[in-house]
Each structure stands twice: as structure tokens, then as C-alpha cells.
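One structure is given here, and the rest of the page talks about it.
The values are calculated or read from the model by the stated rules, or taken from the named source; none is laboratory data. What you see is a predicted model, and the numbers here were worked out from it, not measured in a lab. Here the Cβ is made from the backbone with ideal geometry for all residues, glycine too, and neighbour counts use every protein chain on show. Protein only, heavy atoms only, side chains kept; ligands, DNA and RNA dropped before computing areas. Shrake-Rupley method; radii C 1.70, N 1.55, O 1.52, S 1.80 Å.
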Protein chains: 4
Amino acid sequence: MSELTRLSMSLEQPLLQQLEQLVAEHGYANRSEYIRDLIREQLVQREWQQDEQVVGTITLLYNHLQRQLSERLTQLQHHHHHQIMATTHIHLDETMCVEMILARGRASELRHLLSHLQQQRGVVHATLSMTSTGGQLR
Amino acid sequence: MSELTRLSMSLEQPLLQQLEQLVAEHGYANRSEYIRDLIREQLVQREWQQDEQVVGTITLLYNHLQRQLSERLTQLQHHHHHQIMATTHIHLDETMCVEMILARGRASELRHLLSHLQQQRGVVHATLSMTSTGGQLR
Amino acid sequence: MSELTRLSMSLEQPLLQQLEQLVAEHGYANRSEYIRDLIREQLVQREWQQDEQVVGTITLLYNHLQRQLSERLTQLQHHHHHQIMATTHIHLDETMCVEMILARGRASELRHLLSHLQQQRGVVHATLSMTSTGGQLR
Amino acid sequence: MSELTRLSMSLEQPLLQQLEQLVAEHGYANRSEYIRDLIREQLVQREWQQDEQVVGTITLLYNHLQRQLSERLTQLQHHHHHQIMATTHIHLDETMCVEMILARGRASELRHLLSHLQQQRGVVHATLSMTSTGGQLR
């Protein structure tokens, strides 16, 4: 844990009341934690915009009956084994699979990886969620 | 202007340094102004999610040579005159026009208005940007 | 108007039904128009990502009682007169103003302009909506 | 696999060229696959907007040294065991952990779950990526 520093800021009275409401609505313990999360969100966005070393989760939805798709996805992932840290496979129903893939690399590399996986025939949806290595967020 | 209230918060030391950097990068006069804008952005998003009375700008890009399009757009806008506060038309080049339309109403009404304008033949792009009446942001 | 070309594509039967529903829900005259708009949206996003010459609307919400804000905003806009094509000012209520600013330039320039306007004290919200010069969308 | 249906559509000639470029840039095998993915993306967005039964991945970034955080996260996840299908934990470095959590439920329930996990002290970032059960995408 990093040490906490006290700082003061000024806020218009009505805006302060709105802030208190936001904190309550989102169930945060206090104002500071809520504001910290707003700042961290900006930092994560900056890391992705500036193509820094980031962490992201790719979620793939696909039909495992599609011929050779599983093999191709596995092959592709091995090819990117420097970026991919873990893959979890879930059987949604008789035909549909979901894979969550945690990857680390430069933002542009993870976007490229997403695009590569998404274009495979039988993958019906692919999405990338953006988080951080945490270095700047502590 | 509302009166400013002083409040204090706590922040991890490295996160404070990151905050100072964000403030500098975005050219804000000080930390408080930057954080106020983060909070206001959340408030605007909440207003739109909760379908409150909001303000939005619709930007239309269209080809004025498209038969009867100008008439249809004008008619449609008159039909929504309770929501539309102002329209500015810009001649981009020989064929393309842009219209900025400022509208006020419930969030769902403005989305509906966008969809109505967008589906007209000859409109090649339409987009809606979300802001507020300002009541909660002062 | 550009000439229309006929092309054929294949779609899974259930996906075709979903497409028909989307077309109906959004009120489009036919499938082709709906798909054209999906493609155009991708083209607009690409133009902004690749920092091409684009068109954007900046919407500013501000309190005109803020000392010298109007002067500063006017000055700033004149400084960017090569990018700004038109500005429309609307009086929302006793204190709040909205300005819609249509600007043309490289995507990064318009983002920079947004940031410049947003950081002025008294501006309570600023947002940028992304559209195109239309060159690639016709 | 669903059976493929042939359909035809019309497109302005220059827009068709742009489409071919998008298909090539994203590495798709053909036009139809690219357009299918555009349609599916709209369907996923509609499912989330209409609060249907959906699938989502929550990615949590947190400091495992934070007192009792791991216990609280585990407890919370058990409380939501009807929605959570799988959790994968990755050790990023000495202090930071990432958890990918695959959840199924109504869109609003998954948003609520995200908010619940995010507000825990020590969680420095949380994000939700939206996909589908696949029912409408095949």
C-alpha cells in the first residue's frame, strides 16, 4: 500500500452535494475513494491512447462446431504466447463457447491480436476490455 | 457563481503525482478544476442514463442534391420544434452540407429525433453529443 | 449522387431475420440503407483514428457570468479561425449558455481545440462529436 | 452452423471501394463476413440496452496486500454464484492481481455486480466488457 497524502480542494456547494450523491449511489465508502477511481480511469485511458504497456481481456464468443476453428484459435494464441497470460474456456450451451483471454503488451499489439482472433470464421463476437498493469494506479 | 467550499481528501502519493501530470497535460489552472470536470462528466452521463431533461447537439452530414431531402429535414425539424432550439447550416463543399442542431428534451426523445433524421435517404452521417441543461453542474 | 452498384452477400438465415428487425426498429426504408450506414460509421471512426482531415462539433456549456469568460472564448476561437467554420450561441436560461462550434481540421487538432476550450474557468461541460468531410462516405 | 442465405444489396460505387478496403485492413476473408460482424455488433448493443440476458467479462485489477480484500472478493463472488460462471486469477507482479470473471445474467445485474466489486477498497480498476449468449448472433 502506498502512503496516503492529505490534500485539499475547492468545490461549488451544489456540486459537492451532487458528488455526495454519486458516492452514495455507487456504494463507495467515502468521497476520496470515488475520486481516486475517477482519476485512475483517466490514467488507464491515457495508457491506452499513448500505446503503453497495458493489460486487456479479450472475450471471444464462438461456435465450436465450426470446422477447425478451435485448432486455429489455439494455434493463434500460441503464436502470441508472449502476450497471452491465461485463457479460460466456458461451455455456454451445446454449440457456443466463450473464451476469456488475458493479455499483456502494448495497446496496439492487443488491438491487433483482437482483430486477428475476431476475423476467424465462426467467431461471432469479440471484444476487448482495457485495464492496466497497475504501475501508475497505486 | 456558486460559493466554493473547501474539502479535503486523501490520495496515495504516487497517484497524486499522476494527478498533477494529468492536470498539467490538459492545461488546467489547478487540481480542483480538473477534478470538478471529472465529477461533472459523471453527472452528465447519469442524466442521460436516467432519461432526464438534457441538452444535446445533433450533427448531420448530407448531400443537398438528394431529391427533397432539404424539405424533409426542415419539415421534420419543425415537427420537433418543441425540442429544437437552433439549427446552423454550413456549406462544406459543392454537394455536402453539415447541420448542427441544438435540442433540449428527455434523453430518449433526443435519441429518437437523431434516429428520425439519420434514416432519411441522403443523410450520410448523423451523430449526437450529450451535454446538460447545467442545473446539476454549477 | 453516386451510381448504385448491386452486390450480393450471404447471411445465416436467423441473422437475416435479426437484420430485418434492426432495419424496422430504426425506421430505415430498406436493408441496403441500414448497412450503408453501418459501413459509413466505420469509415468515420477510421478517419478519426488515422488523424485525417475531419469535421467535428464542439458543444460548450458555460456560465456567462463568469468574469471575462466570453471574451476569452471569443479570443480563443479567433485564434483557431482556420479550423472553426461557424459558432451558434444559445441562451439556455438566466446564467447558462450553450455554444455549438463546427470545426474542420485534423482529428488531433480538433481534440486539442476541445481541450483548450474546456479548461477555461466557467466552462462546466465540453464535448466533441465526430463526423466527416464526407469525402469517403458518398 | 445455420444455413447461409444469399441476398443482394445496393451500394454507391465509391462506398463499395471503401468497404473493400475495410475488409482488407481488418483481414476478413470476404465482404459478407465483415458485414455480418457489423450486424452482430449492433445486436449485442441492443441486447445490453434492452436489459436482456447477456454474457459479460469483468476484469478486476487489485492489490492482494490490501487487508481482507481477497476474502471479500471471494465472498462477494459466491454471493453472486448464480451469475458467475468462472473466475481466473493471474499474478501480475509482487503486489498486483488481475481477475477475469465471466458472468451471465441481465445486463443491469452485471452492471450492479461490477459496481459492487469496484467499490471494494484495494480494487484499483474494474471494467466490464459486453458480449452475448449468442442466441441471436448465429
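Summary table below
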| quantity | calculated |
| --- | --- |
| Region B:22-98 and region C:102-134: distance between their alpha carbon centers, rounded to Å | 12 |
| Choice from D:Arg121, D:Arg106, D:Arg40 with maximal GNM fluctuation in chain D (Cα, 10 Å cutoff) | D:Arg121 |
| Distances in nm from D:Gln49 to the matching label points in the other copies, shortest first (labels 7 Å along Cα to Cβ) | 1.7, 2.2, 2.6 |
| Label spacing, shortest first and in nm, from A:Arg67 to its equivalents in the remaining copies (7 angstrom along Cα→Cβ) | 4.7, 6.2, 7.7 |
| Most mobile listed residue (C:Ala86, C:Ala24, C:Ala103) in chain C, GNM with C-alpha springs under 10 Å | C:Ala24 |
| Whole-Hz ³J(HN,Hα) from phi, Karplus 6.51 cos²θ - 1.76 cosθ + 1.60, for region D:95-108, glycine and proline x | 10, 8, 10, 10, 10, 9, 10, 8, 10, 10, x, 6, 3, 5 |
| Charge tally in the Cβ shell below 15 Å around D:Arg106, where Lys, Arg are +1 and Asp, Glu are -1, D:Arg106 excluded | -1 |
| Listed residues D:Thr87, D:Thr127, D:Thr95, most fluctuating in chain D (Gaussian network, C-alpha, under 10 Å) | D:Thr95 |
| C:Arg67, B:Arg36, reordered so the largest accessible area comes first (probe 1.4 Å) | C:Arg67, B:Arg36 |
| Chain C, closest residue to the rotation axis toward A, by beta-carbon, whole angstrom | C:Gln49, 5 |
| Karplus-derived 3J(HN,Hα), 6.51/-1.76/1.60, for each residue of region C:113-128, Hz, glycine and proline x | 4, 4, 4, 5, 6, 5, 6, 5, 4, x, 7, 9, 7, 8, 8, 10 |
| Cβ-vector label at 7 Å, C:Leu38, separations to other copies in nm | 0.7, 3.8, 3.8 |
| 5 angstrom amide H check on C:Thr5, placed H, neighbours 5+ away | D:Leu11, D:Glu12, D:Gln13 |
